[in-house]
Amino acid sequence: MLEQKINEVFGDDEPSGFGTGWWSGILSAFFGSLALGAVLCLHFPQVLTSPELRAYYPMPIMRLLIQALIVGAIIFGVASAILRRKKILGLTGMMLALLATLLGGASVQINEPLHSGPAIGLDWFLLDMLLMTLIYSPIEVLWPAYPKQSVFREDWLLDIGYFLSTHLPIQITSFLILLPATQLTTYLAIPGLLEAMGRLPWLVQFFLAILVADLCEYVIHRVFHTVPFLWRFHAIHHSSKALDWIAGSRSHLVDDVVVRAFMLIPMMFVFPHDIIVAYLFFVTLHATWTHCNFGPTLKWLEPYLILPRYHHWHHTSQKEAIDKNFAIHFPWIDRIFGTHYLPKDDSWPQTYGLHNEKMPAGFWAQTFYPFTRRRRA
Ligand SMILES: [Zn+2]
Ligand SMILES: [Zn+2]
């Protein structure tokens with residue numbers, strides 16, 4: 001398997017703490033790949049960048065960012081090569097940065113006029129990957145709930161594959177969600193409702209948006225757990241044996257699109273555009289955070305807002321918490337519907353993953369899994 005190969009090529013038995021050249025090597029390889037991907041986006045913007053996002057890029061800042069990634073990859077690569085006996089990780093990062101530079105680096109000009117049309121969201125994948133890693137990886141390394149869990153746990157590459165699979169076809173997925181949403185809202189919209197909502201203070205609107213979204217999420221999430229055919233899609237999200245921020249992105253495309261549409265369509269009837277955009281930012285940050293391998297818990301906040309420990313119990317394979325904790329923002333929604341489970345002793349689950357069910361390995365086998373497997377008894 002590819003993951004084993006990577007571990008063999010880049011891994012070694014030396015310690016991986018700070019100052020051993022391990023993290024500098026990882027950062028070098030990571031920055032190098034991002035820089036190379038970004039330079040490719042500059043070369044082939046028509047095919048590789050999402051038309052919806054192009055208009056919003058402050059290009060001078062993006063170019064500065066690419067330059068910083070190249071310089072970072074080289075500095076960390078040199079540090080790693082000096083500190084560590086096995087040099088390949090640092091060298092790989094430097095090679096990627098060198099390749100990005102040879103291809104023109106940050107100064108590649110975009111000469112063709114760009115028009116909308118089919119494109120792959122490589123830009124969105126690279127940016128979100130960088131942003132999420134910068135936000136969540138440090139807190140997972142500094143304050144983990146499971147200190148023994150490595151960033152490169154089993155299936156880490158699979159989860160990057162899932163992250164890729166939800167980011168590259170952004171045009172198709174947003175079309176699948178927005179088409180029914182705009183159709184429905186054009187015919188069924190209640191103008192008075194939107195106007196009345198717009199008159200409320202911004203924070204109240206925002207809170208109500210989270211509430212409406214979470215009630216929708218609760219319903220559709222519970223349906224995905226209850227209807228056997230739908231469970232086969234959602235089982236993929238539950239197949240992670242360990243959780244961290246990237247494990248949260250393991251989800252079947254059908255699961256992802258249906259849940260987002262089910263939340264967004266009702267919201268579009270009630271909330272103005274800016275509130276929906278603000279909510280989309282919030283849900284990305286909050287839902288990703290609740291999957292983090294992040295230990296600290298604020299006792300006083302736990303009853304009101306979902307913290308990682310709460311969603312981790314949703315992912316356990318321990319009998320006592322199966323089909324519990326469906327909400328993603330407000331735990332008291334589960335309390336109201338009788339599906340709340342959170343041990344008072346601050347404990348975390350012992351085991352994660354599916355209960356009495358086997359999931360095939362690999363992205364494509366899992367993608368076809370819902371269609372091939374016979375119904376549960
Ligand atoms: Zn679930
Ligand atoms: Zn989850």
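Every number in this text was worked out from the coordinates using simple rules, so none of it is lab data. The structure presented is a predicted model; accordingly, all values stated were derived computationally and were not measured. Cβ: placed from backbone, ideal geometry, glycine included. Neighbour counts: every protein chain shown.
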Segment Glu112-Leu200, extension gain: residue separation times 0.36 nm, minus the distance between their alpha carbons: 27.2 nm
Reciprocal of mean inverse Cα separation for the stretch 1-127 (Kirkwood radius, Å): 15.5
Of the DSSP H helices in the chain, those whose Cα atoms cover at least 27 Å axially and whose Kyte score averages 1.6 or more: 59-83
Among Gln318, Leu65, Ile275 the positive-end extreme of the charge dipole of the chain (Cβ point charges): Gln318
Size of charge dipole - the chain - debye, nearest 20, with Cβ of Lys, Arg +1 and Asp, Glu -1, no other charges: 560
Stretch gain in nm, segment Leu2-Gln67, where the contour uses 0.36 nm per residue and the Cα spacing is subtracted: 20.4 nm
Total formal charge among the other residues, if their Cβ is under 15 angstrom from that of Ser28, Lys/Arg +1 and Asp/Glu -1: +3
Excluding exposed DSSP-loop GluC sites (Glu not before Pro) (at most 14 other C-beta within 10 Å), longest clean stretch of the chain: 155-356
Whole-number percent relative contact order across the chain, with pairs defined as alpha carbons under 8 Å at least 6 apart: 16
Over 25 Å (Cα to Cα) - which of Lys5/Lys86; Lys5/Lys241; Lys5/Lys319; Lys5/Lys148 fall in this group: Lys5/Lys319
Spacing of the two label points (7 Å from each Cα toward its C-beta) at Val219 and Leu298, in nm: 3.0
Under 19 Å from the Cα of Lys324 - aspartates and glutamates, other chains or at least 8 residues apart: Asp214, Glu217, Asp255, Glu302, Asp334, Asp345, Asp346, Glu357
Linear extension gain, Val9 paired with Val141, 0.36 nm per residue minus alpha-carbon span: 45.2 nm
Cα-projected label distance for His273 with Leu193, points at 7 Å along beta-carbon direction, nm: 2.0
Residue (of Leu96, Ile82, His252) at the positive-pole extreme of the chain, dipole from beta-carbon charges: His252
Cα lying deepest toward the dipole's positive end in the stretch 162-312, options Ile236, Tyr162, Leu188, charges on Cβ: Ile236
Residues listed by number, the stretch 111-127, amide nitrogen under 19 Å from Phe175 label point at 7 Å toward C-beta: 114-125
Neighbour net charge for Leu342 - beta-carbon separation under 14 angstrom, K R +1, D E -1: 0
Dipole in debye (nearest 20) - the stretch 1-96, about Cα centre, beta carbon charges: Lys, Arg +1; Asp, Glu -1: 280
Where the Cα pairs of the chain fall when distances are cut into 20 Å bins, in %: 25, 56, 19, 0
